[in-house]
Amino acid sequence: MVDSNPSTDAKMALPQLDDIAYTEEQLLHWYRQMRLIRRVEEQAAKAYMQKKILGFCHLYIGMEAVAVGAEAALRPDDYVVAAYREHGQAMARGVSARAVMAELFGKSTGVNKGIGGSMHMGSAEHNFFGGYGIVGGHVPLAVGAAFAAKYRGEDKVALVYFGDGAAQQGAFYEALELAQLWSLPVVFLCENNFYAMGTSLERQSYLTDMSRRGDGVGMRRWQFRGFDVVDVYRNMMAAVEHARSGQGPVIVEAVTYRYRGHSMSDPAKYRKEGELDEFKAKDCIDSAHERLMSEFGVSAEALEAIRKEINAEAKDAYDFAESSPAADASRLYDFTYVPTEA
């Protein structure tokens, strides 16, 4: 949902976005990324039903444009902190489909050696720090990363993903306060997918624009629709560059929608009739498909070839995960404690 009464304060006014250009090559890359995330997540759903993936599994289907557009606005050395719906975010950051799928399967070839599983994927190689199962508990970590960047004099930004439910947590408010007080280079990105588990936004919050959480600390903020990867990219470029320029943090909200339940164990019966179909009509992959054809003249045949390539890559990831050796239980605590000398 988009707030019908955005702030008129000049400090909070929407940035100029039309002059943020993008190329055919960029859009094709984003299209490929979104298709790959979608297909890997679809295969993860199948594997979960077959009990090849155990434990929790929170799928990103429907929200792909947010991660892909946001990551496109970052540099490789920037920091990214994510919560537990992070499969797509990890892939958008550059983690391979093989490494993600193998981690979901609990295999030693996974991005975290099969020990982290669905909710705990991280990659120091990609400066991707996530995911975290404590709702809102990860947000202060991004503030810490931004503090470190500023303290060291590094030209880096920290981006943190969180949901509308996390925006109700105490640790989240404390993180906003410190980030604004110290003018840190951090972007708070709320992925408002309308539901905190099974509780609709209207039932959990008087405000329905989570970016307005920044008003209380005087933080730059705005809300945008997250159904078109180009729109996400432009908004996130504006937010990231504001934070990188030394003008302080930004909190933005991307209005999005998840097609599946909160997790694989959630049948999502709390949705209103017709709601899912309404949002599928705004599908981010379809939107990119249409842009590629109308703006750059990419043929339907070329896009169909991409779809087949992506399906093959996703199948390869699935087969790789299935055939990989199981996680080594003896390494369970290798990444829990810092080695110390006697």
Legend entry - Relative contact order [Cα under 8 Å, 6+ residues apart], the chain, whole percent: 24 percent
Legend entry - Extended-chain gain in nm, criterion 0.36 nm per residue less alpha-carbon gap, Q247 and T199: 13.7 nm
Inset, instruction - Mind checking the full-extension length gain between L276 and E125? Use 0.36 nm per residue of separation minus the Cα-Cα distance, one decimal, nm. - result: 50.7 nm
Inset, instruction - Name the residues whose placed amide hydrogens come within less than 5 Å of the amide hydrogen of G163, ignoring near sequence neighbours (fewer than 5 apart) on the same chain. - result: E191
Inset, instruction - For the pairs K282/K308; K46/K282; K52/K315; K51/K107; K52/K113, note any where the Cα-Cα span goes beyond 18 Å. - result: K282/K308; K46/K282
Legend entry - Convex hull volume of segment 85-160 per residue (C-alpha atoms, cubic angstrom): 85 Å³
Legend entry - Percentage relative contact order, segment 114-178, counting C-alpha pairs under 8 Å, at least six apart: 30 percent
Inset, instruction - Let me see the pair-distance distribution of segment 128-172: every alpha carbon pair, 5 Å bin width, integer percents in order. - result: 5, 22, 29, 20, 13, 8, 2
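Taking 1 over the mean of 1/r across every pair of different Cα atoms in the chain, what Kirkwood radius in Å do you get?
Details: mean 1/r = 0.0489 Å⁻¹.
One over the average 1/r among Cα pairs gives 20.4 Å for the chain.
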Inset, instruction - With a/c under 1.5 counting as rounded, go ahead and sort segment 183-342 into rounded, prolate or oblate using the C-alpha gyration tensor (a ≥ b ≥ c being the square roots of the eigenvalues; past the cut-off, prolate if a/b is larger than b/c, else oblate). - result: rounded
Legend entry - Ranked by how many other beta carbons lie within 10 Å on average, peptides 107-114, 63-70 from highest: 63-70, 107-114
Inset, instruction - Report relative contact order for segment 136-268 in percent, whole number only (criteria: Cα-Cα under 8 Å, sequence separation at least 6). - result: 27 percent
Inset, instruction - Would you please give the FRET efficiency between A268 and L303, computed as 1/(1 + (r/R0)^6) with r the Cβ-Cβ distance and R0 = 35 Å, to the nearest 0.05? - result: 0.70
Inset, instruction - Would you work out the charge dipole size for the chain about its Cα centre, treating the Cβ of every Lys and Arg as +1 and the Cβ of every Asp and Glu as -1, and quote it to the nearest 20 debye? - result: 720 debye
Inset, instruction - Give me the distance in nm between label points sitting 7 Å out from Cα along the Cα-to-Cβ direction at E174 and S96, one decimal. - result: 4.0 nm
Inset, instruction - Check the straight Cα-Cα distances from K156 and name the aspartates and glutamates below 12 Å, setting aside those fewer than 8 residues away within the same chain. - result: D77, D78, E241
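What length, rounded to one decimal in nm, is gained on full extension from K51 through to D286, with 0.36 nm per residue of separation minus their alpha-carbon distance?
Extra length available between K51 and D286 comes to 81.5 nm.
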Inset, instruction - For segment 13-54 and segment 185-237, write down the distance between their C-alpha centroids in whole Å. - result: 19 Å
Inset, instruction - Using per-residue counts of other Cβ atoms within 10 Å, averaged over each peptide, order 156-167, 255-266, 301-312 from highest down. - result: 156-167, 255-266, 301-312
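What is the calculated FRET efficiency for Q26 to E322, with r their C-beta to C-beta distance and R₀ = 41 Å, to the nearest 0.05?
My answer for the efficiency is 0.75.
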Legend entry - Cut-off under 5 Å, modelled amide H: who pairs with R225 long-range: V255
Inset, instruction - Just the number, please: percent antiparallel of the DSSP beta bridges in the chain, rounded to the nearest 5. - result: 15 percent
Legend entry - Residue with peak Gaussian network fluctuation, the chain [Cα springs, cutoff 10 Å], from A99, A239, A326: A326
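No value in this document is a laboratory result; all are computed from the given coordinates. This one's a predicted model, so the numbers in the text were calculated from it and none came from an experiment. Cβ: placed from backbone, ideal geometry, glycine included. Neighbour counts: every protein chain shown.
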